[in-house]
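The values are calculated or read from the model by the stated rules, or taken from the named source; none is laboratory data. Because the structure is predicted, anything quoted here is derived from the model rather than measured. When we count neighbours, we look across all protein chains shown, and the Cβ atoms used for this are built from the backbone with ideal geometry, even at glycine. Each accessible area value is taken on the protein alone, full model and side chains, heavy atoms only, with ligands, DNA and RNA left out. Shrake-Rupley method; radii C 1.70, N 1.55, O 1.52, S 1.80 Å.
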Amino acid sequence: MTEPVLQDLFNWIDETPSPYHAASNACARLADSGFTVRQPDDHWNDLEKVVVKWGGTVIAAAFSPKINPDFLRFRIVGAHTDSPNLRIKPKPEFGSAGYQQLGVEIYGGVLLNSWLDRDLGLSGRVVVSDGDSHETLLFHSNQPLLRVPQLAIHLDREANEGLKLDRQMHLSPVWGLGDSKEGAFRSFLADELNVSATEIVSWDVMCHDLTPSSVLGLDEQLYAAPRIDNLASCHAALCALGSLDTLPENTIAVVALFDHEEVGSESSTGAKGALLSNSLERFATARASSREQYLRALNRSFCVSADGAHAVHPNYVDRHEPGHHVALNGGPVIKVNANVRYATDAESSGQFQAYLKSANIPFQQYVHRTNLPCGSTIGPITAAQLGMPVIDVGSAQLSMHSAREMGGAHDPALLTSGLSAFFAFD
Ligand code: CO
């Protein structure tokens, strides 16, 4: 039987094909746990638990019943809602050799080959207008609509010696036969959303693999799913915040799930923007804190940046730092990089290890191989924005940035417990 946390993770991933669904579903999940959903321009004062979304980004906070503004501190978990994928262009229809195709842009660091020969659905958000007012509608179709067919081996005898894919030429999905019709994609969206094609103004729509998340392996110790990076961390953060029954005094527990991490975080809703610092200040001043008290509070605060970590790959052991192999089901991974691609330092690591030890949760330490360039996260960005200690942690996984990734079946529960211990630590 699938562990309850893992089954809930599968439900979350399968109902969350886009960052916009992540933000919207996060609000719905937290509302079920007693959080009040508010608009960004509403008052947020006098709420014990509040959640707010902006497009594909969501920020939620739970307040201790007793807060003295002179001793206020934040406990923050940050993660990201976006994953690398293929995104539909504004004028997508074109045809070639009797096929109807859609033009796509490549979003983020996609493992391009992983999108070949998969049945793809579509999701995202669509702006509609009746002439007077605009409205944004979420859109999610699990109908098998698109496919990027790979070239047969007989027509590319070199394919197994190093597949070369041109982003413009080779990744356009097929979605029918016959002549390409201008406006066909708009008409498809209109039918799906039950509006007229002329009402559709614009869209942010992307492809997703249709295979549902599942347990994997002889003893069901593994799982396979799309978007593990980073919906698994979002899920752990939401479960930890949603199930919190008591918070230590003077504490505001915050979960911030950002869009656009995979493309550098520089946007109105990305981690490089003002949303988190503005929100923290609003949370603080909602409890009668002055700006000076808020700025002092940042110095008592701590942030956990949660994102995927590289498990050692059995077929490519030589790509990993030999002294820092990370195992699936080995518990949360503390990620270290001397050049601050990860925000962890000795002090934030020591502090986070204390949280894990308080709940008897095992942990591992990751360092990237020194002769390979290391990836990064929202950790260093958040540390720089807030001037706050940050640690980079995550669950171990394989196939990072593939259309379908894999992880250890017990890690989601271990990361969730780790983040719960962080929020509850006195
Ligand atoms: Co990530």
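Mean residue ellipticity at 222 nm, helices only, the chain: -7500 deg cm²/dmol; runs of at least 4 DSSP H residues each add -39,500 (n - 2.57), and the sum is divided by the number of residues. Could you tell me the center-to-center distance, by alpha carbons, between the range 190-227 and the range 83-137 in angstrom? The range 190-227 and the range 83-137 have Cα centres spaced 12 Å from each other.
Loop-located trypsin sites (Lys or Arg not before Pro) in the range 14-122 (DSSP state not H, G, I, E or B) with no more than 15 neighbouring Cβ atoms inside 10 Å: K66. For the range 268-323 and the range 374-411, write down the distance between their C-alpha centroids in whole Å. Spelled out, the Cα-based centre of one part sits 11 Å from the other.
Build a GNM of the chain with springs between Cα atoms under 10 Å: which of S196, S214, S399 gets the top mean-square fluctuation? Greatest mean-square fluctuation among the candidates belongs to S196.
Between the residues F423, Q385, S64, the greatest Cα displacement towards the positive end of the dipole of the chain, with unit charges on the Cβ of Lys, Arg, Asp and Glu, is found for Q385. The residues of the range 378-423 have, on average, 22 Å² of accessible surface per residue, using a 1.4 Å probe with all protein chains present. Summing charges over neighbours of P40, with a neighbour being any other residue whose Cβ is under 11 Å away from its Cβ, gives +1 when K and R count +1 and D and E count -1.
Extension gain for S243 to E182 (0.36 nm times residue separation, less C-alpha to C-alpha distance): 17.0 nm.
When the chain is described by a simple charge dipole with +1 on each Lys and Arg Cβ and -1 on each Asp and Glu Cβ, the residue from L9, M169, V52 located farthest towards its positive end is V52. Taking each residue as 0.36 nm, the span from K66 to E266 lengthens on full extension beyond its C-alpha to C-alpha distance by 68.4 nm.
Accessible surface ranking for L171, L137, 1.4 angstrom probe, highest first: L137, L171. Protein heavy-atom surface of the range 284-426, 1.4 angstrom probe: 52% of the accessible area is carbon and sulfur, with nucleic acids and ligands not counted.
Across the accessible surface of the range 85-209, with the other protein chains kept in place and a 1.4 Å probe, carbon and sulfur atoms take up 47 percent.
Dipole size of the chain about its Cα centre, with +1 on Lys/Arg Cβ and -1 on Asp/Glu Cβ: approximately 840 debye, rounded to the nearest 20. Rg over Rh for the range 1-60 works out to 1.05, both radii taken from alpha-carbon positions and Rh defined as the Kirkwood radius.
Using only the heavy atoms of the protein chains and a 1.4 Å probe, how would H401, H324 rank by accessible area, largest first?
Largest to smallest exposure gives the sequence H324, H401.
For S172, the accessible area of its heavy atoms, probed at 1.4 Å with every protein chain present, is near 20 square angstrom.
Accessible surface calculations at 1.4 Å, restricted to protein heavy atoms, place the range 85-209 at 56 Å² per residue.
Which is the longest stretch in the chain that no exposed loop site breaks, taking sites as GluC sites (Glu not before Pro) with a DSSP loop state and at most 16 other Cβ atoms within 10 Å?
Values: sites that count: E15, E48, E158, E182, E220, E249, E266.
That would be 267-426.
Using a Gaussian network model of the chain in which every pair of alpha carbons under 10 angstrom is joined by a spring, one finds that among G330, G162, G78 the greatest mean-square fluctuation is at G162. Ordered from largest to smallest accessible area (heavy atoms of protein chains, 1.4 Å probe), the residues Y342, Y316 come out as Y316, Y342. Where both bridge residues fall in the chain, DSSP classifies roughly 70% of the beta bridges as antiparallel. Compare P92, P19, P389 in a GNM of the chain, Cα atoms joined below 10 Å, and give the one with the largest fluctuation. So, out of P92, P19, P389, the one fluctuating most is P92. Positive end of the dipole of the range 85-209 (Cβ unit charges, origin at the Cα centre): among Y99, V195, Q143, the Cα lying farthest that way belongs to Y99. For the range 261-329, trypsin sites (Lys or Arg not before Pro) are listed when DSSP marks them as loop and at most 14 other Cβ atoms sit within 10 Å of their Cβ; the list is R300. Computed extension gain for Q351 through E158, at 0.36 nm per residue and net of the alpha carbon distance, reaches 64.3 nm. Electrostatic bookkeeping for T344 treats Lys and Arg as +1 and Asp and Glu as -1; over the other residues with beta carbon under 11 Å from its beta carbon, the sum is -1.
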